[in-house]
Amino acid sequence: MHYFCLTLLNDLIGYCMASKDRMLRHKEETRNNILEAAHDIVKEEGWQGLSMRKIADRIEYTAPIIYEYFSNKESILQELTTKGFIKLSKKLELAKAEHDSADDQLEAMWMAYWNFAFTDTEMYQVMYGVQMNCCSQKCSVTDSPYHSFIAVISEIMKDKNPTEEVIKQKYFTFFSVIHGLIAINIINRSDVSESINNQILKDAIGGIIKSIK
């Protein structure tokens, strides 16, 4: 009898744990579905077209269910911003890994940054506040791309033994030029061809690298 009770108790515990795991997986799946729906809507209609109601309609849920996971649209934007910086950081590290010299690494990383801005333009807009309010100041992972670039810039400048402040200034020189070019292209939708834009970008990156060596 004692053995039977222990077996029954173990089975009950196992069932409860399995049920809890299923519930957690379901919640995570629902959360991801909400974020994917939000991103799809933004791709189609822009950030101004995003609403909690549209997200609910897209995944065939009721609006109250959406609010169980996200308190408002701003919280969804914040979550997407976090995912955007994680995605960008991974792309930068992959670009860096393809090259041995710090010069080539830095050029490849900024090219990857540029490509990210135009393959996922809507995400870049919310990450860096291009034509909309920026969420990045609240995002704990925004330092990841910054530190990736800082590490390579430090390697290039190591013979000069620069201070942290100098290295930071050089990063923002790069960022100002490249982000400015991206913003101009996003806002004005210029007629400049992709090949010309890429050449302008490479010239800018190469010129700044020479100036810091």
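The values are calculated or read from the model by the stated rules, or taken from the named source; none is laboratory data. Note that the structure is a prediction, hence the values are computed from the model and not measured. Cβ coordinates were reconstructed from backbone atoms using ideal geometry, including for glycine residues, and neighbour counts include every protein chain displayed. Calculation scope for accessible area: heavy atoms of the full protein, side chains included, ligands and nucleic acids excluded. Shrake-Rupley method; radii C 1.70, N 1.55, O 1.52, S 1.80 Å.
Results, tabulated for the structure shown:
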| read-out | value |
| --- | --- |
| Helices (runs of 4 or more DSSP H) fully within the range 22-123 counting 1 or more residues that are at pLDDT below 90 and in contact with a Cys (Cβ under 6 Å, 6 or more places away or on another chain) | 73-97 |
| The range 174-197, residues that are in contact (Cβ under 8 Å) with a residue 24 or more places away in the chain and loosely packed, with under 14 Cβ neighbours inside 10 Å | 187 |
| Whichever residue in the range 89-132 is among the acidic types (Asp, Glu) and over 17 Å from residue 154 (Cα atoms) and, among such residues, is farthest from the chain's Cα centre (by Cα) | 98 |
| Any hit, the range 162-171, residues being at pLDDT below 90, open to solvent by 20 Å² or more (accessible area, probe 1.4 Å), over 14 Å from residue 110 (Cβ atoms) and of a type in the set (A, V, I, L, M) | no |
| Verdict on residue 127 being of a type outside the set (Lys, Arg), in contact with a Gly (Cβ under 7 Å, 6 or more places away or on another chain) and open to solvent by less than 80 Å² (accessible area, probe 1.4 Å) | yes |
| Positions within the range 49-73 being in contact (Cβ under 8 Å) with a residue 12 or more places away in the chain and within 16 Å of residue 126 (Cβ to Cβ), in sequence order | 50, 51, 55, 70, 72, 73 |
| Test: residue in the range 33-56 that is under 22 Å from residue 87 (Cα atoms), under 18 Å from the mean Cα position of the chain (by Cα) and acidic (Asp, Glu) | yes |
| So residue 140, is it open to solvent by 50 Å² or more (accessible area, probe 1.4 Å), of a type in the set (S, T, N, Q), modelled with pLDDT under 90 and in contact with a helix residue (DSSP H, G or I) (Cβ under 8 Å, 6 or more places away or on another chain) | yes |
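Results for (1) under 30 Å from residue 210 (Cβ atoms); (2) surrounded by fewer than 18 Cβ atoms within 10 Å (Cβ to Cβ), shown as yes or no for each residue.
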site: 24; (1), (2): no, yes
site: 32; (1), (2): no, yes
site: 38; (1), (2): no, no
site: 49; (1), (2): no, yes
site: 59; (1), (2): no, yes
site: 68; (1), (2): no, yes
site: 71; (1), (2): no, yes
site: 94; (1), (2): yes, yes
site: 101; (1), (2): yes, yes
